[in-house]
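Here's the structure, in structure tokens; my notes come after.
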Amino acid sequence: MFRRLTVPDRLKAAGRRIVVAGTLGGLLAFAVTAGSLTWVRDSADGHIYQLNTVPAAPVALVLGAQVGFDGQPSAFLAARLEIARQLLNAGKVKAILVSGDHGNWNYDEPGSMMVWLAARGVPTSKIVLDHAGFDTYDSCSRAHRVFGVDRAVVVTQGYHLERAVALCRSLGVDADGVGDDSVRVFREMWFRSEIREQGAAVKAAADVLSRRDPIFLGRHETGVEDALAAS
């Protein structure tokens, strides 16, 4: 005869199943994260440079970051823009594509980026605005599919650079990258950003596998072509 399980027995059995399921879920999550990070590192390997060693490219793609209520770029974004300015001055690039979030009229990352660059001597004819760079995938995808960029130097912070290069290279842009480390002085924010990169790598891999369209695709824009022709 089978012994009928008592309530405590059933609770123990359910607890064991939960532990097993949790363990398997944890292992799966670890494997997915590790695989995504490996893909990011392998894709970016050999394409990360310092400002003075990066190969020349037609365009610098500057990825957006937070802008304050006063319209001023955050320290993180200003550091990216300074690298792009120096790349242009050194003749490493001929145009700068600034890509960021302008989903609301009262929040305009690319507009603020252009103002910052222009105030520091960059001709506006060499600055191209992408108003729909809502995340790194969208910025890279739109750079290629909307603005016709085939080769670029991607500019962002060091913790973000491998993922940015990996995404761009997976989406048709022959990309090298230059990263900023000067804002490491904001230790807590830098550390949080490094932690977030674990999950961001998984999202990046999923986006590349799905080949989703960016949130806004739109028609071809000639801004980059015009900026290069004016060089």
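The values are calculated or read from the model by the stated rules, or taken from the named source; none is laboratory data. The structure presented is a predicted model; accordingly, all values stated were derived computationally and were not measured. Reconstructed Cβ throughout: ideal geometry from the backbone, glycine too, with neighbour counts over all protein chains shown. Remember, those area values only see protein heavy atoms, side chains included, never the ligands or the DNA or RNA. Shrake-Rupley method; radii C 1.70, N 1.55, O 1.52, S 1.80 Å.
Taking the chain as a Gaussian network, Cα atoms linked when under 10 Å apart, which of 144, 220, 102 shows the biggest mean-square fluctuation?
220
For residue 198 paired with residue 106, estimate the spin-label separation in nm (one decimal), with each label point 7 Å from Cα along the Cα-to-Cβ line.
Those two pseudo-labels are separated by 3.6 nm.
Quick one: of the DSSP bridges fully inside the chain, what percent are antiparallel, nearest 5? Walk me through the numbers before you get to the answer.
Numbers: 3 of 25 bridges.
Taking every DSSP beta bridge within the chain, about 10 percent pair in antiparallel fashion.
Counting only protein heavy atoms, what percent of the accessible surface of the chain is carbon or sulfur at a 1.4 Å probe? Before the final figure, lay out the partial values.
On the way: 7250 of 12310 Å².
Result for the chain: 59 percent of the exposed heavy-atom area is carbon or sulfur.
So what's the net charge close to residue 67: Lys and Arg +1, Asp and Glu -1, counting the other residues with Cβ under 14 Å from its Cβ? Spell out each step's value before the answer.
On the way: positive: 80; negative: 70, 101, 108, 109.
Charge balance near residue 67 sits at -3.
Through the Karplus equation 6.51 cos²θ - 1.76 cosθ + 1.60, θ set to phi - 60°, convert the phi angles of the range 84-97 into ³J(HN,Hα) values in whole Hz; use x for Gly and Pro.
4, 4, 5, 4, 5, 5, 7, x, 6, 9, 10, 8, 10, 9
Full-extension gain between residue 221 and residue 49, please, as 0.36 nm times their residue separation minus the C-alpha to C-alpha distance. Please report the intermediate quantities before stating the final value.
Values: separation 172, 0.36 × 172 = 61.92 nm, distance 2.90 nm.
That pair, residue 221 and residue 49, stretches by 59.0 nm at full extension.
Show log10 I(q)/I(0) for the range 49-88 at q = 0.26, 0.30 Å⁻¹, two decimals, from a solvent-free Debye sum over equal Cα scatterers.
One equal scatterer on each Cα of the range 49-88 leads to -0.90, -1.06.
Treating the angle as unsigned and between 0 and 90°, give the value, to the nearest 10°, between the Cα long axis of helix 158-170 and the longest Cα principal axis of the chain.
With both axes taken from Cα atoms, the answer is about 90 degrees.
So if each residue of separation counts as 0.36 nm, and I subtract the Cα-Cα distance between residue 38 and residue 210, what length gain in nm does that give?
Values: separation 172, 0.36 × 172 = 61.92 nm, distance 1.83 nm.
So the extension gain works out to 60.1 nm.
Measure nothing fancy, just the Cα-based angle from helix 7-44's long axis to the longest principal axis of the chain, in degrees from 0 to 90, nearest 10.
So the inclination is approximately 20 degrees.
How far is helix 187-210 tilted off the main Cα axis of the chain, in degrees rounded to 10, range 0 to 90?
Roughly 80 degrees, rounded to the nearest 10.
Quick one: which residues, 5 or more positions from residue 132 or on another chain, have an amide H under 5 Å from its amide H? H modelled 1.01 Å from N in the peptide plane, none for Pro or chain starts.
100
Pull up all non-local amide H partners of residue 180: gap of 5 or more, or a different chain, and H-to-H distance under 5 Å with H placed in the peptide plane.
Answer set, sorted by chain and number: 156, 157, 158.
So how far, in whole Å, is the C-alpha centre of the range 200-231 from the one of the range 148-197?
15 Å
List, in order, the whole-Hz ³J(HN,Hα) value for each residue of the range 216-231 obtained from phi through the Karplus relation with A = 6.51, B = -1.76, C = 1.60 and θ = phi - 60°; use x for Gly and Pro.
For the range 216-231, the Karplus curve yields 10, 8, x, 7, 5, 10, 9, x, 5, 4, 5, 5, 5, 5, 7, 6 Hz.
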